[in-house]
Amino acid sequence: MKVPLLAGSRLQIVEVPDDANVLRAPPPAEALTDVGAAVQEALRFPLEGPSLEQLVSPGARVTIVVEPTALPVPTTLRDPRQEALAAVVAELERVGVPLERQTILVAGGLARRAGQEELEHLVLPELARRFSGRVDVHDAERPDLVELGVDGGVRLRVSPALVEADAVVVVSAAETMLHGGPAALLAAAGPEAIRAAGAPSLLETAASQGWRLALALERELSRRVPVIGVALTLNPPAVTGAFHGYPHDERSFELIAASPVRLLFRVTPGAIRSRLLSSIPRELTATAAFGGPPAVAHVEALLRGVEARSAELDGPVDVIVVGVPATTPYLPRERPNPVLCAYLALGLALRLWRDGFPLTEGGTVILLSPFDRRFPHPAQSPYRAFFNALRMLGTRAAHEPSAWADAERTAGADPRALQAYREGRSCHPLLPFADWAACLPMIERAGAVLVAGCRDALVARQFGFVPTRNLATALAMAHARSGGEARVGYIVAPPYFPIRVARN
């Protein structure tokens, strides 16, 4: 089988043996024909607790919490969450809450605060033209965050828009345990709570500090304000047009491998390749909508999504190959720096497991990425500061959070970096530390991380990775580490998808 894998903006065709484990998203499930109607029904007949109409009085002030549509990767022009938000606004109007009494709170966590372009992508054009309420982009560093309590030594401070409202409605998609539902409320909290929200798996509650904090925040907020949520289950983004069926249909692999466009694509400059990849037509649809307390609705939607979107793996593999695209997991999409390349593969793709790690203890992870040392100013300046801090500490410090704890505290108090975040010019200075910390569970599990096609060996070694010239060399090293023929798995992505591992 010839499998297309992304390595930055380059497309690499890999010939794999018939017994290889090629993991890819399954075909999209049957989509909802009317997302708005499904959302309104979910709010009128929730899984648990009172309906929206019972919670909200006519003329009340209501805050609608939404997240930037950064997940799933890649982004599509039309998103079911746009229709869901419009349906919630219309339902609030129906129960007597006028537009001017509604506030849309964009909870982006530590990522760069949403600008005009990102805000326009959150709502349908019709709603944008007529909405007369307030739009509030969460600022994790604003001085008037409201204290709700403490959980496990972590302060729970949230946006005033949450506690000053008469009711809160969370509108999200159930992508992971840390994206959507109560985690959307956590994304409207202070930096200390968002930074502490880690987890070894994005699909399991066990040992998930982030899920525990999100539940605690929802519980504390519910004591002050009525809270209800609506959660969507999404299909993976599906490619349309000439390469329809990618990646779930093997015939699309053959089309891509045989296409003459691929040869022209190979000699095209990187910036143009990135634009061409982002222009590929895709469709994102929803399969279900659930209402109720945010945690309840989110879990139900997530379980439904994991069941429908998972790739099955009959036991852990010795080697796993992950293609890393030339994009970021946050909005606006940009060319990634080495930290974000690692996060896309180790902190996102390889944390989407359920029932067991997809990699054997001491196995090998191969990242297909050029690993270019790019830190565009000012958008990715905090990542450059993080990289420089690791370089000062030495290679061994990269995998020891205690070694860079002082650097993290210094970064979190940097007035210039904080000002750039508050003005929407860059991410929060703590985000690079959070992204790298998310990679550590997989790094600790793996015996080695190899970077195939690495252009900057010093950068790879700085993170404790092994640079290799190409995938063939990396696979030869991985087989040698396993003492013979290793069991290899290939993740064909994006889009990223859950991996369910059978327990032996």
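The values are calculated or read from the model by the stated rules, or taken from the named source; none is laboratory data. Only a predicted model underlies this, so the values are computations on that prediction, with no experimental measurement involved. All Cβ positions, even for glycine, are placed from backbone atoms using ideal geometry, and neighbour counts span all protein chains on display. Heads up: the accessible areas ignore ligands, DNA and RNA and are worked out on the full protein's heavy atoms, side chains in. Shrake-Rupley method; radii C 1.70, N 1.55, O 1.52, S 1.80 Å.
Annotations
- Around ALA437: net Lys/Arg minus Asp/Glu count, Cβ-Cβ under 13 Å: -2
- Prolate/oblate/rounded call for the chain, Cα gyration tensor, a/c under 1.5 rounded: prolate
- Subtracting the Cα-Cα distance of ALA502 and LEU77 from their residue separation scaled by 0.36 nm leaves 149.4 nm.
- Surface analysis of segment 244-385 yields an accessible area of 38 Å² per residue, using protein heavy atoms and a 1.4 Å probe.
- Computed from Cα positions, the angle between helix 294-309 and the longest principal axis of the chain comes to roughly 30 degrees.
- Mean Cβ neighbour count within 10 Å, used as a protection proxy, ranking 47-60, 434-447, 322-335 highest first: 322-335, 434-447, 47-60
- Report summary: the helix-based calculation at 222 nm, which adds -39500 (n - 2.57) for every DSSP H run with n ≥ 4 and divides by the residues of the chain, gives -10000 deg cm²/dmol.
- Distance between segment 243-298 and segment 143-170 - C-alpha centres, whole angstrom: 38
- GLU100 sits among other residues whose Cβ lies under 12 Å from its own Cβ, and their net charge, with Lys and Arg +1 and Asp and Glu -1, is +3.
- J(HN,Hα) series, segment 265-270, from Karplus relation 6.51 cos²θ - 1.76 cosθ + 1.60, nearest Hz, glycine and proline x: 4, 5, 9, 7, x, x
- Hypothetical label at ALA206: residues of segment 336-375 whose amide nitrogen lies under 18 Å (7 Å Cα-Cβ projection): 351-362
- Candidates per trypsin sites (Lys or Arg not before Pro) in segment 179-231, loop by DSSP, up to 10 other Cβ within 10 Å: ARG223
- For segment 251-339, with all protein chains in place and a probe radius of 1.4 Å, 61% of the accessible heavy-atom surface sits on carbon or sulfur.
- Nearest-0.05 FRET efficiency for ASP166 and ARG391, computed from C-beta distance (R0 35 Å): 0.10
- Net +/- balance of residues flanking GLU192 in space, Cβ distance below 13 Å, scoring K and R +1, D and E -1: 0
- Computed label-point distance, nm, for sites ILE280 and GLN419 using a 7 Å Cα→Cβ extension: 4.3
- Relative contact order %, segment 349-487, counting alpha carbon pairs below 8 Å whose residues are six or more apart: 34
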